[in-house]
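The numbers here are math on the coordinates, done by the rules we state, and not lab data. A quick note: this is a predicted structure, and the numbers were derived from the prediction, not measured. Methodologically, a virtual Cβ is constructed for each residue, glycine included, from the backbone with ideal geometry; neighbour enumeration extends over all protein chains shown.
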Amino acid sequence: MTSIDYRLPQRRVLVTALPGPRSAALTARRQAAVAAGVGSAAPVYAADVDGGVIVDVDGNSLIDLGSGVAVTSVGASHPRVVAAIAEQAERFTHTCFMVTPYEGYVRVAEELAALTPGGFDKRTALFNSGAEAVENAVKVARLATGRPAVVAFDHAFHGRTNLTMALTAKSMPYKAHFGPFAPEIHRMPLSYPYRDEAGLTGEQAARRAISRIEVQIGADSVAAIVIEPIQGEGGFIVPAPGFLATLAQWARERGVVFIADEVQTGFARTGAWFASEHEGIEPDIVAMAKGIAGGMPLSAITGRAELLDRVHAGGLGGTYGGNPVACAAALAGIEVMRSLDLPARARAIETAVVPRLRELAADTDVIGDVRGRGAMLAVEFIRPGTDAPDPQLANAIAAEALSRGVVLLTCGTYGNVIRLLPPLVIGDELLADGIGVLAEVVRDLTR
């Protein structure tokens with residue numbers, strides 16, 4: 001990655017205890033105005049964000065190891081993205097592509113056809129959120145195949161709409177008491193190397209799932225397989241080699257649409273443009289969002305032309321889908337990713353961070369697994385001497401790290417995983433400081 005001129009000093013500075021008085025006052029206002037069902041990981045309120053730091057309303061400068069859940073890979077205020085947003089906003093903020101189209105939407109579709117895996121003819125539709133992208137991918141698959149059933153996997157997270165909640169595996173907080181859910185969703189076992197039986201290969205895990213699909217559903221009834229190449233909210237689970245490829249081959253042979261949910265893994269996050277590339281697979285449809293547009297709301301599905309072009313005019317879309325300002329941000333963000341070679345930067349982050357995490361695991365007895373790819377890394381915490389998940393420790397680590405000026409996120413089906421999603425433009429010294437704080441906290445809480 002070439003050098004970056006940051007707008008804010010890239011260092012951790014605490015001027016108050018956290019949360020500070022202004023953040024505490026905002027929390028009181030929030031409780032009187034914002035629905036209680038909207039949660040936040042940290043009780044501090046952002047005032048300015050640049051590179052790898054978040055400056056809160058009290059003037060504290062915090063190290064950002066979350067990127068707004070893998071969104072601000074190019075930073076939350078990259079000057080090229082900001083300039084593109086301003087330029088487009090001066091011209092127009094909205095016409096609705098379904099009413100009066102514009103070039104930015106077309107250019108984003110062209111970029112996604114070039115970036116996503118597969119050399120076949122592709123088409124794209126743009127939306128607002130990852131859940132919308134996944135839901136529309138399923139719509140396309142069902143229409144194109146004429147089949148009803150959709151296969152999802154253990155530990156999956158695909159969104160918060162009714163259909164994507166049905167696809168999602170974890171009940172609390174995503175599904176509890178929100179049903180009934182969309183029908184014809186069938187869940188199959190994932191490859192989870194840390195918790196699978198010893199010696200189970202990726203291909204064997206895939207054959208286990210395929211056998212259940214054929215027995216319980218029947219291949220002729222399956223419209224689509226929907227899977228994250230690396231599980232996100234489920235715990236950053238990287239399937240064993242061969243798992244995804246075996247599923248994709250079976251899907252191709254049976255006329256099943258293979259949908260890769262790359263909402264969290266896409267756009268250089270894992271050290272490739274898309275995580276599917278690590279396994280050499282070419283999904284029929286890729287669902288994208290998060291890192292696509294430098295923090296602006298935008299999502300997409302890109303897939304085989306013969307699938308997406310089967311849908312009748314008006315069957316895909318939405319009032320705000322492919323908003324012109326968000327499209328301008330996406331085009332600028334992709335340009336930044338290319339110019340800075342952020343896939344390579346993600347690989348460099350992995351090289352710098354993983355050895356330190358493994359050293360920490362060797363020094364303590366509370367880490368069961370260190371895993372991930374690129375700048376999508378995770379630590380799974382367990383109770384000493386067992387494989388039992390320890391969500392209390394994971395939550396305590398995140399809270400204590402925040403008190404020392406580092407923003408961390410938890411995840412996992414069992415709530416026992418700390419995930420690391422730093423902005424890809426974070427500097428080496430700031431990243432090292434953030435990982436150092438994490439290690440210090442783990443040792444302090446477990447010694």
Next item on the list: Taking 7 Å along the Cα-to-C-beta vector as the label spot, tell me the Ala432-His177 distance in nanometres, rounded to one decimal.
Entry: 4.9
Checklist line | Residue-by-residue Karplus 3J(HN,Hα) for region 78-84, coefficients 6.51, -1.76, 1.60, Hz, glycine and proline x | finding: 4, x, 5, 5, 4, 5, 5
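Is the shape of region 288-335 best called rounded, prolate or oblate, per the rule: a/c under 1.5 gives rounded, else a/b larger than b/c gives prolate, else oblate, with a ≥ b ≥ c the square roots of the Cα gyration tensor eigenvalues? Don't skip to the end; give the middle numbers.
On the way: a/c = 2.83, a/b = 1.77, b/c = 1.59.
It comes out prolate by the Cα gyration axes.
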Check: Between Glu103 and Glu277, what is the FRET efficiency for a Förster distance of 25 Å, r being their Cβ-Cβ separation, to the nearest 0.05?
Finding: 0.30
Next item on the list: Would you mind checking which residues have amide H under 5 Å from Leu377's amide H? H placed 1.01 Å from N; only 5 or more apart, or other chain.
Entry: Leu420
Notebook entry, point to check: Can you list the HN-Hα couplings for region 320-327, worked out from phi with the Karplus curve (6.51, -1.76, 1.60; θ = phi - 60°), rounded to whole Hz and with x for Gly and Pro?
Noted result: 9, x, x, 3, x, 5, 5, 5
Notebook entry, point to check: Long-range amide H contacts for Asp390: which residues qualify at under 5 Å (H placed 1.01 Å from N, peptide plane, sequence gap of 5 or more or a different chain)?
Noted result: Phe381, Ile382, Arg383
Notebook entry, point to check: Which whole-Hz couplings ³J(HN,Hα) result when phi for each residue of region 112-127 is put into the Karplus expression 6.51 cos²θ - 1.76 cosθ + 1.60, θ = phi - 60°, listed in order with x for Gly and Pro?
Noted result: 5, 4, 6, 7, 6, x, x, x, 7, 5, 10, 9, 9, 10, 10, 9
Checklist line | Potential lengthening between Arg22 and Arg447 on full extension [0.36 nm per residue; Cα-Cα distance subtracted] | finding: 149.6 nm
Check: At a Förster distance of 25 Å, what's the computed FRET efficiency of Glu306 paired with Ser221, Cβ-Cβ distance as r, to 0.05?
Finding: 0.75
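Is region 273-356 rounded, prolate or oblate when judged by the Cα gyration tensor, a ≥ b ≥ c being the square roots of its eigenvalues, rounded requiring a/c under 1.5 and prolate requiring a/b larger than b/c? Present the calculation step by step, with values, prior to reporting the outcome.
On the way: a/c = 2.95, a/b = 1.56, b/c = 1.89.
Verdict is oblate for region 273-356.
Quick check: from the Cα gyration tensor, does region 15-172 come out rounded (a/c under 1.5), prolate or oblate?
On the way: a/c = 2.20, a/b = 1.42, b/c = 1.55.
It comes out oblate by the Cα gyration axes.
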